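S.K.: Here's a structure for you.
Every number in this text was worked out from the coordinates using simple rules, so none of it is lab data. The structure presented is a predicted model; accordingly, all values stated were derived computationally and were not measured. Heads up, the Cβs are rebuilt from the backbone with ideal geometry, glycines too, and the neighbour counts pull from every protein chain shown.
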Amino acid sequence: MKDALVFSEEVADALANYQAVVALESTLITHGFAYPANVATALAMEDAIRAEGAVPATIAVLDGRITVGLSREQIEMLAGLGQAGVRKCSRRDLPIVVGLRQHGATTVAGTMIAAHLAGIKVFATGGIGGVHRGHPQDISADLIELGRTPITVVCAGAKSILDLPLTLEVLETQGVPVLGYGTDTLPAFYSRSSGLPIDQRVDSPEEVAAIVAARDALGLEHGTLVTVPVPEADALPMDEAERAIEQATREADAQGIHGKDVTPFVLARVLELTGGRSQAANIAALVNNARVGAQIAVALARAFKTEGA
Ligand code: PSU
Ligand code: MN
């Protein structure tokens with residue numbers, strides 16, 4: 001499809017020169033945070049990536065074109081439109097927004113697809129979608145995408161608005177290695193540990209790069225999930241996060257919220273119920289993940305250049 005994918009000059013140059021590039025999603029700009037925290041967070045993630053010597057590529061669909069490497073003005077435009085003006089785009093939504101020339105904010109699944117089309121290997125985000133608590137049939141398309149698209153996704157685990165044990169079961173079924181970056185247990189987003197075991201602890205970007213290179217050498221096409229605990233100073237106590245999540249989840253059920261609206265609803269309620277404290281943890285995790293994602297992208301680019309793999 002002509003012009004369905006467009007690149008900023010900076011990202012196009014970086015990709016042409018095999019430099020490290022890190023993809024970033026746009027749903028957190030439109031549906032994850034309110035203005036102005038959304039713009040500030042998106043830009044802080046980009047800065048963290050540049051500081052590590054990599055190039056950020058924030059991705060969204062603008063007038064039907066998958067745009068890889070949003071400008072500051074484009075980020076501000078999306079933030080201004082917000083949830084009401086921009087469709088949240090997972091796999092099933094992409095053909096709709098592209099075909100009908102709409103705007104779309106890409107989720108983890110949507111961003112993985114776009115990154116793969118663009119030739120970007122690493123993507124940093126906050127929390128991935130998962131299996132919703134009390135609704136084992138509500139399985140985020142993020143988990144299925146991780147099973148079929150070879151992108152390395154750096155996140156802070158999943159928020160415990162989800163059923164974390166069931167989420168790990170689905171990732172196992174999908175064949176997705178879950179790595180713990182400097183940890184032996186799955187991070188629970190606001191808090192550093194869920195207590196659940198991950199598949200393998202890794203302690204350097206080079207270890208992640210070695211696992212990704214082995215996947216490619218084996219011809220396996222699944223994604224790799226790198227989970228990074230939120231920085232200690234900004235973590236929320238587990239019981240405080242839990243109380244807010246339980247109440248928000250109950251309210252979502254009582255109000256009959258379902259489908260793609262569940263995650264934004266619960267996240268917004270958790271923010272209110274923690275008096276804004278969840279936001280500091282959220283932003284700290286996002287910026288830290290951007291930094292780690294950039295380090296992994298740099299390690300992958302270096303391995304590619306020396307081995308030509
Ligand atoms: N989890 C978060 N913050 C988010 C999301 C998830 O902690 O902003 C967003 C991501 O874009 C993710 C999407 O891909 O929500 C998952 O939505 P669903 O559960 O409807 O698949
Ligand atoms: Mn869902």
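S.K.: For a quick check: with amide H placed at 1.01 Å from N, whose amide H comes under 5 Å from L236's, ignoring anything fewer than 5 positions away on the same chain?
M.R.: The answer is S191.
S.K.: Above 22 angstrom, tally the Cα pairs of segment 164-247 and express them as a % of all pairs, no decimals.
M.R.: Numbers: 1123 of 3486 pairs.
Across segment 164-247, Cα pairs with separations above 22 Å total 32 percent.
S.K.: Here is a follow-up. Under a Cβ-Cβ cut-off of 15 Å, what is the net charge of the residues other than E10 that fall near it, where Lys and Arg count +1 and Asp and Glu count -1?
M.R.: Numbers: positive: R50, R72; negative: E9, D13, E46, D47, E73.
Net charge in that neighbourhood comes out at -3.
S.K.: Which number do you get for Rg(Cα) / (2.2 N^0.38 Å) in segment 6-51? Walk me through the numbers before you get to the answer.
M.R.: On the way: Rg = 12.4 Å, N = 46, 2.2 N^0.38 = 9.4 Å.
In units of the 2.2 N^0.38 Å rule of thumb, it is 1.31.
S.K.: Towards the positive end of the charge dipole of the chain, with charges on Cβ (+1 Lys, Arg; -1 Asp, Glu), say which of L5, L225, N289 has the farthest Cα.
M.R.: L5
S.K.: Provide the convex hull volume over Cα atoms per residue for segment 1-96, in Å³.
M.R.: On the way: hull volume 9.6 nm³, N = 96.
Cα-based convex hull of segment 1-96, divided per residue, equals 100 Å³.
S.K.: Count the lysine pairs in the chain whose Cα atoms sit under 19 Å apart, keeping only pairs 8 or more residues apart in sequence or on different chains. Don't skip to the answer; put the middle values down first.
M.R.: Numbers: K88/K159; K88/K260; K121/K305; K159/K260.
Lysine pair count for the chain: 4.
S.K.: What is the gain in length, in nm to one decimal, between A233 and D13 on full extension, counting 0.36 nm per residue of separation less the C-alpha to C-alpha distance? Walk me through the intermediate numbers first.
M.R.: Details: separation 220, 0.36 × 220 = 79.20 nm, distance 3.69 nm.
Here the answer is 75.5 nm.
S.K.: From the backbone phi of segment 109-121, what are the Karplus-calculated ³J(HN,Hα) couplings (6.51 cos²θ - 1.76 cosθ + 1.60, θ = phi - 60°) in whole Hz, Gly and Pro given as x?
M.R.: Taking θ as phi minus 60°, the curve returns 4, x, 5, 4, 4, 5, 4, 5, 4, 7, x, 9, 9 Hz for segment 109-121.
S.K.: For segment 179-188, just list the computed ³J(HN,Hα) in residue order, Karplus coefficients 6.51, -1.76 and 1.60, θ = phi - 60°, integers in Hz, with x standing in for Gly and Pro.
M.R.: Each residue of segment 179-188 in turn: 9, x, 8, x, 8, 9, 10, 5, x, 10 Hz.
S.K.: Ratio to report: Rg/Rh of segment 212-296, with Cα atoms as the point set and Rh obtained by the Kirkwood method; give two decimals.
M.R.: Values: Rg = 16.9 Å, Rh = 15.2 Å.
Reported Rg/Rh, Kirkwood definition of Rh: 1.11.
S.K.: So for the chain: antiparallel DSSP bridges make up what percent, rounded to the nearest 5?
M.R.: On the way: 12 of 38 bridges.
Beta bridges within the chain, antiparallel portion: roughly 30 percent.
S.K.: Tell me which of G119, G99, L146 sits at the most positive position along the dipole axis of the chain, charges placed on C-beta atoms (Lys, Arg +1; Asp, Glu -1).
M.R.: G99
S.K.: Okay, moving on. Got a sec? How would C155, C89 order by Cβ neighbour count within 10 Å, fewest to most? Let's see the in-between values first.
M.R.: On the way: C155 25, C89 32.
So the residues, fewest neighbours to most, are C155, C89.
S.K.: Please compute, over every Cα-Cα pair in segment 135-212, the percentage with a separation greater than 16 angstrom. Can you show the working numbers first?
M.R.: On the way: 1489 of 3003 pairs.
In whole percent, the long-distance tail amounts to 50.
S.K.: Over the Cα atoms of segment 29-162, each weighted equally, I'd like the Debye log10 I(q)/I(0) at q = 0.14 Å⁻¹, rounded to two decimals.
M.R.: Summing over Cα pairs of segment 29-162 leads to -0.63.
S.K.: Which part of segment 154-173 falls in the paramagnetic zone of Q255, meaning amide N under 13 Å from the point 7 Å along Cα-to-beta-carbon?
M.R.: In segment 154-173, the label zone of Q255 (backbone N under 13 Å from the point 7 Å along Cα→Cβ) covers no residue.
S.K.: Amide H neighbours of V131 under 5 Å, counting only residues 5+ apart in sequence or on other chains, H built in-plane at 1.01 Å?
M.R.: Long-range HN contacts for V131: S140, D163, T167.
S.K.: Taking H as built 1.01 Å from N, whose amide H comes closer than 5 Å to the amide H of V22, not counting residues under 5 places away?
M.R.: For V22, whose amide H was placed from the backbone, the distant partners under 5 Å are V55, A57.
S.K.: In square nanometres, what is one fourth of the surface area of the convex hull spanned by the alpha carbons of the chain? It would help to have the intermediate numbers written out before the result.
M.R.: Numbers: hull surface 57.8 nm².
Computing the convex hull of the Cα atoms and averaging its projections yields 14.5 nm².
S.K.: Okay, moving on. Given a Förster radius of 51 Å and the C-beta distance between Q83 and D199 as r, what FRET efficiency does 1/(1 + (r/R0)^6) yield to the nearest 0.05?
M.R.: 0.90
S.K.: May I pose another question? Could you give the length gained by full extension between R101 and V6, i.e. 0.36 nm per residue of separation minus their alpha carbon distance, to one decimal place? Could the numbers behind the result be given before it?
M.R.: Numbers: separation 95, 0.36 × 95 = 34.20 nm, distance 1.37 nm.
Taking 0.36 nm per residue and subtracting the Cα distance, the gain is 32.8 nm.
S.K.: Can you compute the charge dipole magnitude of the chain about its Cα centre, using +1 on each Lys and Arg Cβ and -1 on each Asp and Glu Cβ, nothing else charged? Give it in debye, rounded to the nearest 20. Mind showing how you got there, number by number?
M.R.: Details: 24 positive and 36 negative charges, 112 e Å.
Here the size comes out at about 540 debye.
S.K.: Using alpha carbon coordinates only, what is the Rg to Rh ratio of segment 160-309, with Rh defined as the Kirkwood radius? Don't skip to the answer; put the middle values down first.
M.R.: On the way: Rg = 17.3 Å, Rh = 16.9 Å.
When Rh is taken as the Kirkwood radius, the ratio is 1.03.
S.K.: As a test of the formula, what do you get for the chain when each DSSP H run with n ≥ 4 contributes -39,500 (n - 2.57) and the sum is divided by the residue count, at 222 nm and rounded to the nearest 500 deg cm²/dmol? List each step's numbers first, then the result.
M.R.: Values: 11 runs with 145 residues, N = 309.
Only helices count here, giving -15000 deg cm²/dmol.
S.K.: Evaluate the distance, in nm, between pseudo-label points positioned 7 Å from the Cα of A214 and of D184 along their respective Cα→Cβ axes.
M.R.: 2.0
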